[in-house]
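Participant: Have a look at this one before I ask anything.
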Amino acid sequence: MKNNWPLWEVFVRSKNGLEHRHFGSLHAADADMALKNARDVYTRRNEGVSIWVVESKHITASNPENNGELFEPAQDKVYRHPTFYSLPDEVKHM
Amino acid sequence: MSKKEIKNTGTEATRSDRAEATRSLEEIFEQRIARDEKIEPKNWMPEKYRKTHIRQISQHAHSEIVGMLPEGNWITRAPSLRRKVALLAKVQDEAGHGLYLYSACETLGITREELYEQLHTGKAKYSSIFNYPTTTWADMGAIGWLVDGAAIINQVPLCSTSYGPYARAMIRVCKEESFHQRQGFEIMTKLAQGTPEQKAMAQDALNRWWWPSLMMLGPTDAESVHTEQSMKWKLKRKTNDELRQQFIDQTVPQADLIGLTIPDPDLKWNDERGHYDFGAINWDEFWQVVKGHGPCNKERLSARVNAWEEGEWVRDAAMAYAEKQEDKKLKKAI
């Protein structure tokens, strides 16, 4: 057990027109094997038309403990939403 | 409120401050689960929650992996191409389900190697049902119909469990599992409609797999040590006895339909309860198998250990090749 295969994250586009979505992870020796394994593990029933794999260590994730300072500032900015603005009743579509 | 308490866990906090903070964190955590909010890998969680999840998810993953062995036994001897492709696909799904679950488990901060180590040393358990032998082709029918049937009953409620990665893995598993039960029931149906020998073979398989399938849903509520906490964390949404009753109520009419007899003389519809009453389960047998004394415990475990040990050179070779390719790329770049 000296050489453990690294962990990869798998993203699958389920059909053209949709974005790639995180499907899960797996272990593989290299990117090529990760793609092949991803095909067998995550698309046995036509779940995808395109696969991305990226080694998990390359992903930088935000820390939920910082969620306050990261995401709360957006909460009081109601003026970023169309409903903040009043329109005369006569205007039907805008 | 939560922010202040999280800050309390910093280095300057005294021990009692820290204990206080942990308590409040735990309260916030329990409230989140009560509100049906999911817990994700990087969220704070009580150590007991993490450990319990590692235990249950890994046990589940190991069961999928070991569960390939009794069926793998029959792939080369399937009676037709139709049966063979179905069994192959089912066993491949089980490998996939094991992998989804191992990945979910790894998000709790345990490595794949540690998980295998726990299985191989007997520290981690897998479902006791896979320690029974598959002696005839009809066992493929009985396993799909009964064992996968019981597994589905157990797994469907887990799709809404509180730990996000586990719930997502279970949604995928459940989607794929329903064909497993159907192909098993189809095998049983065909055998039951076949020659007297074929029908006898189906009945024999039902006789052997019925009771282990009931045991598979776990010890009675009175004996189950983890139920209460697991219900609170939505790691379990129904008790073992409720799941068992549901399994029996749903399976008995299916056996009637194909003309097979459930091997339980005490089985009787109870109008008042709206459920079937059933005979006593031999829990001594269950605990014997759990403790490693089932008919195939040694065989199953040694098959896994051998596969891991004999595959080591392949894993090493793949890594060596990957490193070599990487070096080549670097040299070219220079």
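Quick note: the coordinates plus some simple rules give every number you see, no bench work behind them. None of the values given here were measured: they were computed from a predicted structure. Heads up, the Cβs are rebuilt from the backbone with ideal geometry, glycines too, and the neighbour counts pull from every protein chain shown.
Participant: Amide H to amide H, which residues 5 or more places from B:H275 or on other chains are under 5 Å from it, using H placed in the peptide plane?
Facilitator: Placed amide hydrogens put B:N270 under 5 Å from B:H275.
Participant: Just checking the output field for A:60-67: average partner chain Cβ neighbours within 10 Å of each residue's Cβ?
Facilitator: On the way: counts 0, 2, 1, 1, 6, 8, 2, 3.
Going residue by residue through A:60-67 and averaging, the value is 3.
Participant: Among B:K332, B:K38, rank each residue by its count of other Cβ atoms within 10 Å, from fewest to most, as a rough exposure measure.
Facilitator: Going from least to most buried by this count: B:K332, B:K38.
Participant: Which order do the peptides B:168-174, A:52-58, B:137-143 come out in when sorted by mean C-beta neighbours inside 10 angstrom, highest first? All intermediate terms of the calculation are to be shown ahead of the outcome.
Facilitator: On the way: B:168-174: 20.9, A:52-58: 14.0, B:137-143: 25.4.
Those peptides, ordered most packed to least, come out B:137-143, B:168-174, A:52-58.
Participant: Bin width 10 Å, origin at 0, all Cα-Cα pairs of chain A: what percent of pairs per bin?
Facilitator: 13, 26, 20, 20, 13, 5, 1, 0
Participant: For the protein assembly as shown, treating each Cα as an identical point scatterer without solvent, what Debye log10 I(q)/I(0) comes out at q = 0.11 1/Å?
Facilitator: Taken in order of the listed q values, log10 I(q)/I(0) reads -0.98.
Participant: Tell me whether chain B comes out rounded, prolate or oblate; compute the Cα gyration tensor, take square roots of the eigenvalues as a ≥ b ≥ c, and use a/c under 1.5 as the rounded threshold.
Facilitator: On the way: a/c = 2.31, a/b = 1.31, b/c = 1.76.
Here chain B falls in the oblate category.
Participant: Another one. Taking amide H positions as placed in the peptide plane 1.01 Å from N, state which residues far from B:S162 in sequence (5 or more) or on other chains have amide H under 5 Å from it.
Facilitator: B:L235
Participant: With N set to the number of residues, divide the alpha-carbon radius of gyration of segment B:97-138 by 2.2 N^0.38 Å and report two decimals.
Facilitator: On the way: Rg = 13.5 Å, N = 42, 2.2 N^0.38 = 9.1 Å.
Compared with the compact-globule rule of thumb, segment B:97-138 sits at 1.48.
Participant: Once you sort the root eigenvalues of the Cα gyration tensor of segment B:199-299 as a ≥ b ≥ c, which label holds: rounded (a/c under 1.5), prolate (a/b larger than b/c) or oblate (the other case)? Don't skip to the end; give the middle numbers.
Facilitator: Values: a/c = 2.17, a/b = 1.17, b/c = 1.85.
Verdict is oblate for segment B:199-299.
Participant: Is any residue of segment B:92-122 close enough, with backbone N under 12 Å, to a label point placed 7 angstrom from the Cα of A:R44 along the Cα-Cβ axis, and if so, which?
Facilitator: Under 12 Å, as judged by backbone N against the label point of A:R44, lie B:92-101 of segment B:92-122.
Participant: Next question, about the same structure. For a quick check, take a GNM of chain B with Cα springs below 10 Å and name the residue from B:Q31, B:Q198, B:Q246 with the largest mean-square fluctuation.
Facilitator: Greatest mean-square fluctuation among the candidates belongs to B:Q31.
Participant: Can you tell me the relative contact order of chain B? Whole percent, Cα pairs under 8 Å, sequence separation 6 or more. Can you show the working numbers first?
Facilitator: Details: 346 pairs, mean separation 56.1, N = 334.
The normalised contact order for chain B reaches 17 percent.
Participant: With axes computed from alpha carbons, what is the tilt in degrees of helix A:31-42 against the longest principal axis of chain A, rounded to the nearest 10 within 0 to 90?
Facilitator: So the inclination is approximately 70 degrees.
Participant: Within a 10 angstrom radius of the beta carbon, how do B:R300, B:R182 rank from fewest other beta carbons to most?
Facilitator: Numbers: B:R300 19, B:R182 15.
Fewest-to-most ranking of B:R300, B:R182: B:R182, B:R300.
Participant: At 0.36 nm per residue, minus the direct Cα-Cα distance, what do B:K42 and B:E197 gain on full extension? Give it in nm, one decimal, please. Kindly include the intermediate steps, with their values, before the conclusion.
Facilitator: Details: separation 155, 0.36 × 155 = 55.80 nm, distance 5.72 nm.
Stretched out fully, the B:K42 to B:E197 stretch lengthens by 50.1 nm.
Participant: Can you give me the distance in nm between label points at B:K190 and B:K328, each placed 7 Å from the Cα along the Cα-to-Cβ direction?
Facilitator: Placing both labels 7 Å beyond Cα along the Cβ direction yields 4.7 nm.
Participant: Quote the relative contact order of chain A in percent (integer), defining contacts as alpha-carbon pairs under 8 Å separated by 6+ residues. List each step's numbers first, then the result.
Facilitator: Working: 98 pairs, mean separation 25.1, N = 94.
Reported relative contact order: 27 percent.
Participant: Next up: Could you put B:H120, B:H62, A:H22 in order, starting from the residue whose Cβ has the fewest other Cβ atoms within 10 Å? Please list the in-between numbers first.
Facilitator: Working: B:H120 16, B:H62 25, A:H22 12.
In order of increasing Cβ crowding within 10 Å: A:H22, B:H120, B:H62.
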